[in-house]
Amino acid sequence: RRIEKLLRELDTLEAGFRSRLVRALRGCAAGRGTLLFLVSSLRPEAWPPSVRCDEADELFAMASEVTKRRADLGLDEACPAATYAEACRRHVDLDDHHRPGPRQQARAMLLQLGEPA
């Protein structure tokens, strides 16, 4: 019963995360909220602290919680939350000269999620 309860809680958390992520991705793909992948805790030191996105921080925290719970339950960690977290890490990887821009990344994630841009 405890596991069933934890799975239901995870389902609720994942559904809320996905809904919020899809809304944010659509905005980013349309050119609004293009800091969606810039998470404060991952921001390179050379970037000014004023360059931040509260929504990215909140989504990243939700994504971290989802992936932690999935791992705790022994579930496959491949999920939209993990994909978003990896996109955030890649966004600030200045050595990755082939990383996509935020609009391109948002469109790619929407396609991966089976959602229209």
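The values are calculated or read from the model by the stated rules, or taken from the named source; none is laboratory data. Keep in mind the model is a prediction, meaning the values are calculated, not measured. Cβ: placed from backbone, ideal geometry, glycine included. Neighbour counts: every protein chain shown. Accessible surface is based on the protein model in full, side chains and every heavy atom, while ligands, DNA and RNA are left aside. Shrake-Rupley method; radii C 1.70, N 1.55, O 1.52, S 1.80 Å.
Summed over the residues of the chain and divided among them, the accessible surface reaches 60 Å² per residue at a probe radius of 1.4 Å. Under the combined filter of DSSP loop state and at most 16 neighbouring Cβ atoms within 10 Å, region 47-117 retains these GluC sites (Glu not before Pro): Glu77. Peptide packing for 26-38, 92-104 was compared via the average number of neighbouring C-beta atoms within 10 Å per residue; ordered from the highest value, the list is 26-38, 92-104. The sum of -39500 (n - 2.57) across all DSSP H runs of n ≥ 4, divided by the residue count of the chain, sets its helix-only mean residue ellipticity at 222 nm to -20000 deg cm²/dmol. For the chain, a crude dipole built from +1 on the beta carbon of Lys and Arg and -1 on the beta carbon of Asp and Glu, taken about the Cα centre, is about 340 debye to the nearest 20. In square nanometres and to one decimal, what's the mean projected area of the convex hull around the Cα atoms of the chain? Directional mean of the projected Cα hull area for the chain stands at 7.7 nm². The residue list Ala108, Pro48, Ala71 was ranked by how far each Cα lies along the charge dipole of the chain toward its positive end, using unit charges on Cβ atoms, and Ala108 comes out on top. Protein heavy-atom surface of the chain, 1.4 angstrom probe: 51% of the accessible area is carbon and sulfur, with nucleic acids and ligands not counted.
Dividing the Cα radius of gyration of region 1-42 by its Kirkwood radius returns 1.21 for Rg/Rh.
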